[in-house]
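A short write-up of the structure that comes next.
The values are calculated or read from the model by the stated rules, or taken from the named source; none is laboratory data. Everything quoted here is computed from the prediction, not taken from an experiment. Glycine gets a Cβ as well: all are built from the backbone with ideal geometry, and neighbour counts include every protein chain shown. Accessible surface areas use protein heavy atoms only, side chains included; no ligands, DNA or RNA. Shrake-Rupley method; radii C 1.70, N 1.55, O 1.52, S 1.80 Å.
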Amino acid sequence: MPIIAVRNLVVRYRRTPILARITRQIPPDPVVANVSLMLARGEILGLVGESGSGKSTILRAIAGLWPPSAGDITLEGANLPARVTARDRAALRRVQAVFQNPDASLNPRHTVREILAQPLRLYFNAKANEVEARARSLMADVRLDPAHLDRRPAQLSGGERQRVALARAFAAEPDVILCDEVTSALDVSVQASVLALIHDLCHARGTSCLFVAHDIAVVAALCDRVAVLHQGRIVEQGPARSVCSTPEHPYTRSLIGAVHRA
């Protein structure tokens, strides 16, 4: 059984007005149209496509941040409520998200220690001594000096902030990590180290990962499987090595060709 299953997902950004429904006017075109995905336990699945293809929308729908217009999302066979506010604490713990810009999700007034303490207290009722030990362990896991625990996000580099965001997500001991363009704002050398970190953390802990990116070369380097999204629809999916070496769909070939030209 897949850890996450998305079936016939449809997402529209603009809802059909009541009058349009009464008069049976055509609803707005979906941003995501009838997308189905399966994420196996311990698997890293790459979702790749150009900007505006709908890949981040799918991730946000799974995270409960944008309710779909139609379709089902299940977590290990159980229905996952469409809105994050309707999910219980267990579901919240099991599905964690890391976004492109950590500045938007890390409280600038809190130290790294306080940021990591929040999920430890929320999900595990950790006491002060347990929080300290676990926070230091998490810093080692994401390859940061424990001295950074006393710093605030503004005192960290972009790569260090993203590592803190990953540490906070893994502090919840999730089954699934949703990564939305987490390396696209980083320097190339920093990208490589963060990708290696995600790979190592997921495989060491058996955590599944949905990794959203616009760069198919990044996806090929990290992911076990890849799904190619074009204009809100999956046009090709399969093992990353197979899709990237022998692409079948013209759009996939164009993505790979763009990497080769660059």
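When residues of the range 66-79 are filtered for being free of Cβ contacts under 8 Å to residues at least 40 places away in the same chain and of a type in the set (A, V, I, L, M, F, W, C), how many remain? Break it down stepwise before answering.
Going residue by residue through the range 66-79, those that are free of Cβ contacts under 8 Å to residues at least 40 places away in the same chain are 67, 78-79.
Filter once more, keeping what is of a type in the set (A, V, I, L, M, F, W, C): 78.
Result for the range 66-79: 1.
One residue stands out in the range 97-125 among those that are of a type in the set (Gly, Ala, Ser) and more than 15 Å from LEU149 (Cβ to Cβ): the one that is surrounded by the fewest Cβ atoms within 10 Å (Cβ to Cβ), namely ALA104. Against the test of being out of contact with any Asp or Glu (no Cβ under 9 Å at 6 or more places or on another chain) and not in a helix (DSSP H, G or I), the options LEU144, LEU116, LEU122, LEU186 yield a single qualifying residue, LEU186.
Beta carbons closer than 8 Å, at least 6 apart along the sequence or on distinct chains, pair a first residue in the range 127-142 that is within 21 Å of ILE198 (Cβ to Cβ) with a second that is not in a helix (DSSP H, G or I) for ARG134/ALA126; MET139/ASP145.
Under the condition of being over 20 Å from ASN8 (Cβ atoms) and aliphatic (A, V, I, L, M), which residue from the range 42-70 is surrounded by the fewest Cβ atoms within 10 Å (Cβ to Cβ)?
Of the range 42-70, the ones over 20 Å from ASN8 (Cβ atoms) are 42-44, 46, 48, 50-52.
Next, from what is left, pick out any that are aliphatic (A, V, I, L, M): 44, 48.
Working: ILE44: 24, VAL48: 28.
Only one residue tops the list, namely ILE44.
In the range 216-257, what count of residues is obtained for those that are among the aliphatic types (A, V, I, L, M), free of Cβ contacts under 8 Å to residues at least 24 places away in the same chain and open to solvent by 30 Å² or more (accessible area, probe 1.4 Å)? Working first, answer last.
First pass over the range 216-257, keeping only residues among the aliphatic types (A, V, I, L, M): 216-222, 226-229, 234-235, 240, 243, 255-256.
Adding the requirement that they be free of Cβ contacts under 8 Å to residues at least 24 places away in the same chain leaves 235, 243.
Still in the list and also open to solvent by 30 Å² or more (accessible area, probe 1.4 Å): 235.
Qualifying residue count, the range 216-257: 1.
The single condition among (1) open to solvent by 70 Å² or more (accessible area, probe 1.4 Å); (2) under 30 Å from LEU122 (Cα atoms); (3) at pLDDT 95 or above; (4) more than 17 Å from the chain's Cα centre (by Cα) that ALA78 does not satisfy is (1). Here the helices (runs of 4 or more DSSP H) wholly within the range 189-262 that include at least 1 residues being more than 19 Å from the chain's Cα centre (by Cα) and under 21 Å from LEU39 (Cα atoms) are 240-245, 250-261. Evaluate the following for VAL188: is it among the β-branched types (Val, Ile, Thr) and surrounded by 17 or more Cβ atoms within 10 Å (Cβ to Cβ)? Spelling it out, it is not the case that VAL188 is among the β-branched types (Val, Ile, Thr) and surrounded by 17 or more Cβ atoms within 10 Å (Cβ to Cβ). Is there a residue being assigned to a loop (DSSP other than H, G, I, E, B), at pLDDT 95 or above and within 26 Å of TYR251 (Cα to Cα) anywhere in the range 39-56? Looking for residues that are assigned to a loop (DSSP other than H, G, I, E, B), at pLDDT 95 or above and within 26 Å of TYR251 (Cα to Cα), one finds at least one in the range 39-56, hence yes.
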